[in-house]
1. Which residue, of Ala178, Ala170, Ala144, Ala152, is within 30 Å of Ala325 (Cβ to Cβ), more than 16 Å from ligand 1 (Cβ to nearest atom) and surrounded by fewer than 19 Cβ atoms within 10 Å (Cβ to Cβ)?
2. Regarding region 329-339, can at least one residue be identified that is part of a strand (DSSP E or B) and not aliphatic (A, V, I, L, M)?
3. Does Gly112 satisfy being surrounded by fewer than 17 Cβ atoms within 10 Å (Cβ to Cβ), under 17 Å from Lys34 (Cβ atoms) and away from ligand 2 (no atom under 16 Å from the Cβ)?
4. How about region 56-88: which of its residues are touching a Lys or Arg at 6+ places or on another chain (Cβ under 6 Å), surrounded by 15 or more Cβ atoms within 10 Å (Cβ to Cβ) and touching a residue at least 24 places away in the same chain (Cβ under 8 Å)?
5. Can you pull out the residues in region 96-105 that are more than 9 Å from ligand 1 (Cβ to nearest atom), modelled with pLDDT of 95 or more and of a type outside the set (A, V, I, L, M)?
Amino acid sequence: MSTGSDIETLGPSTTADYALRGLWYYALPAGALKPRSMVPVTIMGEDLIFGRDDTGAPFALNDSCPHRGIPLRFGRFDGKTVQCCYHGWRFAPDGRLTEIPSLAEGQAFDYGRVRVAGYPCREADGNIWIFLGNDRDEMPDRDAPRIPDIGANFHRIFETQVFPCPLDHAVMGLMDPAHGPFVHASWWWRPSTSAHEKAKHFAPSELGFTMTRHKPSSNSRLYKLVGGAPETEISFRLPGVRIEHIRAGRHQVVSLTGVTPIGPKETLVNQAIYWTMPFLTPLRPVLARVMSTFLGQDRDVVTKQQIGLTRNPPLRLIDDADTPAKWYLKLKREFARARAEGRDFVNPVPDTTLRWKS
Ligand code: FES
Ligand SMILES: [Fe+2]
C-alpha cells in the first residue's frame, strides 16, 4: 500500500539539527565499564566520561574539569570520586565537587557553586543508556529501551563500530529492506539472485513502529540455524533503536542495535545479540565474526555513500521500500515539534502493509 506521494525528495542536507534531545541514546556495552575505571565516549558533540561507582551504578559526566578544563579522563576514579589529574579536585558520580586539596586551613569555599554536568544513565540487558535532555536537569519521562523477556538462560555478544556518516543515514541504512541482496550477499547468507516479494504488516509502537510477528523469508540461511519455523518481530524507536525478536520453537534470538551520533558526521553503531540455544554457544567466535562482518558491510556502503553526499544531491525515497525511512524522518519531525510546543507526541505511523522485493 502506498502512503503519501510515492517519491519524496529529501533536501540536500540532513545535518542541521541532526539529533533529537529528550531521548535515551545507546552509550556503550555495560561490559566495557569495569569498576573503578572511566571510559570516554563522545555523544552529540559532547565529550563524556562513563564510570561505574562502588554500588555498580553507571554514571556519565562531562569530560572537563570545571577548574581549568583538563579532561577528567586523565584523572582517577576510586569507585567513590573522580579525581582530576591536574590539581586533584574531587567530584562525586553525580557531579558534585567534594574536595579541593589546595584549600588551606580555615579557607572557606562553597562547594555547591561548582559542579560537573552529568546526565541520567541506565544499565539494562548489558547495555548502558544515557538520557540526553536539553540540560543536565531534565529527567527522562520514559524508560530506556529493553529487550523482550527471553528468560534467565541466554548468552550474548556485543559489537561497536563507528560509521563515518550522519545519524540519519546510519538509521535509514538500518531499516532499509532493499539493500540486503546487494550489500549482504554472500554464500553463507543468501545468494544475491534470491530476491522474493515480501508483504509485511506494520503498526505504530512506542516512539516508532513495529513490523509485526511473521515468518521470515525462507531465503535467509541464518534463520535456518535456529531450527523450527521461526517468526520474527522487528521494532524501531527514536532516536535509532532497532530490536529484532526471533522465536523458533522454544528458542529465541534477539538483536538490538543502537545508533548514536558522535557528531554531525560520525555515528556510533552498537549491536548486541542474545540467544537462548546452548548449542550456539560454542560457536560464539563465529557468531561474533558474522556480526562484525555484517555490520562492516553496512558501514562500508555508507562510507561510499558519503563520497556522493559531499555534493549534496537531492535524494529520492520511494514507496514501499523506503517507507520506513520516510516514517523515521516523520517521527523525528513530530518528536521535535511536540517538544517545542510542549504537547504529547502523536505517532504519525499508520497501521499498514508494505510490499517490496528483497
Ligand atoms: S584542572 Fe582539574 S583540578 Fe585543576
Ligand atoms: Fe544492512
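The values are calculated or read from the model by the stated rules, or taken from the named source; none is laboratory data. What you see is a predicted model; the values in this text were computed from it and never measured. Because the Cβ atoms are built from the backbone with ideal geometry, glycine has one as well, and the counts that use them run over all protein chains shown.
1. Exactly one residue qualifies, and that residue is Ala178.
2. No - not one qualifying residue is present in region 329-339.
3. Taking the combined requirement at face value, the residue does not satisfy it.
4. Answer for region 56-88, where residues must be touching a Lys or Arg at 6+ places or on another chain (Cβ under 6 Å), surrounded by 15 or more Cβ atoms within 10 Å (Cβ to Cβ) and touching a residue at least 24 places away in the same chain (Cβ under 8 Å): Pro58, Phe77.
5. Scanning region 96-105 gives Arg96, Thr98, Glu99.
Results for (1) buried (at least 18 other Cβ atoms within 10 Å of the Cβ); (2) among the charged types (D, E, K, R), shown as yes or no for each residue.
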site	(1), (2)
Gln306	no, no
Lys330	no, yes
Glu341	no, yes
Asp344	no, yes
Val349	yes, no
Arg355	no, yes
